[in-house]
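Down below is the structure, laid out as structure tokens.
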Amino acid sequence: MKIVVLQGSPRKNGNTQFLVEGFKEGAEKAGHDVEIVNVGNMKIAPCLACEYCHTKGNGECVQKDEMQDVYKKLNDAEMIVFASAVYYFNFTGQLQNVISRFYCKGTMPAKKYALIVSSYSPDVYSGIVETYKHIVDYSNATDVGMKCINGAEQKTEGNHKMMVEFGSSIK
Ligand SMILES: Cc1cc2nc3c(=O)[nH]c(=O)nc-3n(C[C@H](O)[C@H](O)[C@H](O)COP(=O)(O)O)c2cc1C
């Protein structure tokens, strides 16, 4: 299965990156084709609500920025993983921009989804989890798992093992 991980943290080699790399290792062991797309460092603007896509644009977004590469990568994705640091109880703005840019397509393309979230504090996930569940339902898709990790030091052998196991469990 082709899996695309939308990694929304701008911090290179940060916690979210560490977690998704473990996931990728496990999912590749299970035979999947996994691509991590570091949308946290891409120039992707938010949706302008200009409605070009729903009028003249025929489903295409008027904004020709790096989101165009993301649309291509997601075209044949069978599974999408949303990966994010928690910023004020929500996805990072960078990942939120990517999500809003799906307005031109309506729903997201994949039929399986997962969520990987990193925060400093525990119990800060309700907003993200609800949003994620709504997106999965709206896309008529299936959630295959969520991992929410907190703490000052997350790059641990234990977390790596847990993420590899999570990746390996994907069917
Ligand atoms: C702008 C900003 C807002 C944050 N807001 C929260 C928050 O609301 N709750 C929390 O527990 N951690 C918050 N954090 C901490 C990060 O979520 C946490 O350090 C995370 O592990 C960073 O992941 P990264 O290394 O992949 O960027 C915030 C960090 C930043 C930079």
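Of all residues in the range 134-171, those being assigned to a loop (DSSP other than H, G, I, E, B) and within 16 Å of the ligand (Cβ to nearest atom) number 6.
Of the helices (runs of 4 or more DSSP H) lying entirely inside the range 1-115, the ones with 2 or more residues being within 16 Å of the ligand (Cβ to nearest atom) and closer than 28 Å to residue 159 by Cα are found at 15-29, 93-100.
The set of residues in the range 130-139 that are surrounded by 14 or more Cβ atoms within 10 Å (Cβ to Cβ) and under 12 Å from residue 91 (Cβ atoms) comprises 131, 132, 135.
Every test in (1) over 21 Å from residue 140 (Cα atoms); (2) among the aromatic types (Phe, Trp, Tyr); (3) under 13 Å from the mean Cα position of the chain (by Cα); (4) surrounded by fewer than 21 Cβ atoms within 10 Å (Cβ to Cβ) is passed by residue 102 save one, and that test is (1).
Figure legend. Inter-residue proximity from the range 153-171: first residues crowded, with 16+ Cβ neighbours inside 10 Å, second residues acidic (Asp, Glu), beta-carbon distance below 7 Å, spacing 6+ or different chains. Indicated pairs: 164/25; 167/25. Does residue 121 satisfy being at pLDDT 95 or above, within 14 Å of the ligand (Cβ to nearest atom) and not β-branched (Val, Ile, Thr)? Criteria met by residue 121.
The values are calculated or read from the model by the stated rules, or taken from the named source; none is laboratory data. From a predicted model like this one, the values you see are computed outputs, not experimental measurements. Cβ atoms come from the backbone with ideal geometry, glycine included; neighbour counts cover every protein chain shown.
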